[in-house]
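Remarks on the structure that follows.
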Amino acid sequence: MGTRRDVPCSSPELPLREADMRHRARHAGPPRPLFTGALLAAALFGLSGCSIDAAPGIERGAPAPGEAFTGPYASEFEQAFRHARTEAERDVLADGQITEAEAQEILESFRLCLDAVGITLIEHTGDSVEMEGDPARIPPEQIDERAETCSQETGEAVILTLYAIMRQDPGHEFTPERVVECLVRAGVVPESFTVDEYTSSGIERLHPGQQLYTDAGAETQRKLSKCESDPIASFIDEATQPG
């Protein structure tokens, strides 16, 4: 059976809340997004307001090595570097880039960590993670907790998410305002729906997960995915049609 869980804002492990970083699925069934709306948006558009502790060995506020980070994702790289848990994470983040080879290395570390505790990584798309636990080695109720530990220890949550987001939106143009405008055009939310609602809880108030992640919610899921993948170009025709 699929499971759903959020990571609390108070978690000292991640500088960018994992719940804010992406759609995530951790379950043994077919992949489905775990988080929606602002949870991906916050990763695309900025940092959470959480107060967190610096990682061991990194002084809070210490500058990145060499020149300051530059480019559309400079802020995300700076925060991720300041609070990285391991030297491997800092090595990847230090130059303000994440190469495909570096992403694959992090993914392999994550896979090996899972395997060591009895979890098989079936698919990792950047937007979702599908895995399966071996009942002889790990109780089903412990899969999420063990997977989260591996995610934090290997840097998977932050680095692979940031890598996927940068590939999807290289210019950092997909603002929350544009996503909300797209959702309105698509008929997913009313015109009164606000950016604050989206960045705090996605579309959960209007489309609760227990309804959204069913066959009946498939069309809404499709529209949500399109708006979050390309809020600028999606559903433009709908905006020009008479109401």
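Say we look at region 195-214 and pick out the residues that are modelled with pLDDT under 90, in a helix (DSSP H, G or I) and not polar (S, T, N, Q); which of these is surrounded by the most Cβ atoms within 10 Å (Cβ to Cβ)? By that ranking, first place goes to Leu212. Of all residues in region 156-204, those satisfying the criterion of being of a type in the set (A, V, I, L, M) and within 23 Å of Asp237 (Cβ to Cβ) are Val179, Val180, Leu183, Val184, Ala186, Val188, Val189, Ile203. Taken as a whole, the structure places Ser192 among residues that are part of a loop (DSSP other than H, G, I, E, B) and of a type in the set (S, T, N, Q).
Put simply, of Glu156, Glu228, Glu177 the only residue that is closer than 22 Å to Tyr73 by Cα, of a type in the set (D, E, K, R), at pLDDT 90 or above and crowded, with 20+ Cβ neighbours inside 10 Å is Glu156.
This table checks each residue for (1) among the hydrophobic types (A, V, I, L, M, F, W, C); (2) at pLDDT 95 or above; (3) over 27 Å from His172 (Cα atoms).
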site	(1), (2), (3)
Ile98	yes, yes, no
Leu114	yes, yes, yes
Gly118	no, yes, yes
Ile143	yes, no, yes
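For region 80-95, the candidate set comprises residues that are more than 10 Å from Gly155 (Cβ to Cβ) and surrounded by 19 or more Cβ atoms within 10 Å (Cβ to Cβ); within that set, the residue that is modelled with the lowest pLDDT is His83.
If I filter region 224-236 for residues that are of a type in the set (D, E, K, R) and either free of Cβ contacts under 8 Å to residues at least 40 places away in the same chain or more than 19 Å from Phe174 (Cα to Cα) (or both), do I get at least one hit? Within region 224-236, not a single residue is of a type in the set (D, E, K, R) and either free of Cβ contacts under 8 Å to residues at least 40 places away in the same chain or more than 19 Å from Phe174 (Cα to Cα) (or both).
Name the single residue that is nearest to Asp95 (Cα to Cα) among those in region 127-180 being of a type in the set (Val, Ile, Thr) and part of a loop (DSSP other than H, G, I, E, B). That would be Thr175.
Of the residues making up region 80-103, just one is of a type in the set (S, T, N, Q) and closer than 16 Å to Cys150 by Cβ, namely Thr86. Residue pairs whose Cβ atoms lie under 9 Å apart, sitting 6 or more positions apart in sequence or on different chains, and linking a residue in region 170-183 that is closer than 11 Å to Ser229 by Cα to a partner that is basic (Lys, Arg), are Cys182/Lys223; Cys182/Lys226. Screening Ser192 with (1) hydroxyl-bearing (Ser, Thr, Tyr); (2) buried (at least 18 other Cβ atoms within 10 Å of the Cβ); (3) at pLDDT 90 or above gives one miss only, at (2).
The values are calculated or read from the model by the stated rules, or taken from the named source; none is laboratory data. Treat the numbers as computed from the prediction; the structure is a model and nothing was measured. All Cβ positions, even for glycine, are placed from backbone atoms using ideal geometry, and neighbour counts span all protein chains on display.
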